[in-house]
Amino acid sequence: MKQTVFQKLKSKLQAAKPSRSSETMLNEKPIWLKNELTRDEASDYLMDKEIGVFVVRQSETIKDCYVLSVKVARFINVKGISHYIIVKSKSGYAIRGFNKEFADLKSLVTHCSFIRDMLPVLLNLSFYRQEIISHEKKLNDLFYFSSMKSSLHSA
């Protein structure tokens, strides 16, 4: 049975599309981890965001520590941004001054996005889900456009 041009294109796209295993996705750097940002850059990034949007970055002043920078209400912090030191111990990570410890940064962030027992606001992970969806859509559009373009030239 002879394949139509559409069927050929569809099979080429399915064969060429890169697959991402769940293990690969788990090992990727989280989108909210912005090691390269300074305190001022993190504050500038968060300034126009909604309450709860955050970044985790490396501390500029404390070796081997991270900082959780989060957009908060102005009655909590007059500048609208609060910064919390995240310390690493032998068994995991904890926000300085709080008792709970987590195996990794992802666990800490996930916990703080559901339970507000350590911070004045819940961390807004849905902000990053929307960014990821938007980014993946752009990548897929680019992939399909370039695949279709090359398929049309070879047909």
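For this structure, a couple of remarks:
- Shown is the FRET efficiency for Ala73 and Glu28, computed with R0 = 35 Å from the Cβ-Cβ distance and rounded to the nearest 0.05: 0.65.
- Contour minus Cα-Cα distance for Thr61 and Glu101 (0.36 nm per residue): 12.2 nm
- Overall, the accessible surface of the stretch 71-125 at a probe of 1.4 angstrom is composed of carbon and sulfur to the extent of 57 percent.
- Whole-angstrom Cα spans of the stretch 60-101 along principal axes, big to small: 35, 23, 12
- Derived scalar couplings ³J(HN,Hα) [the stretch 87-101; Karplus, 6.51 cos²θ - 1.76 cosθ + 1.60; whole Hz; x for Gly, Pro]: 9, 9, 10, 5, 9, x, 10, 8, 6, 4, x, 10, 7, 6, 10
- Estimated FRET transfer efficiency when R0 is 35 angstrom, pair Ile115-Asp40 (beta carbons, to 0.05): 0.75
The values are calculated or read from the model by the stated rules, or taken from the named source; none is laboratory data. Remember, predicted model here, so these are calculated numbers, not experimental data. Every residue, glycine as well, gets a Cβ built from its backbone with ideal geometry; the counts of neighbours run over all protein chains shown. Each accessible area value is taken on the protein alone, full model and side chains, heavy atoms only, with ligands, DNA and RNA left out. Shrake-Rupley method; radii C 1.70, N 1.55, O 1.52, S 1.80 Å.
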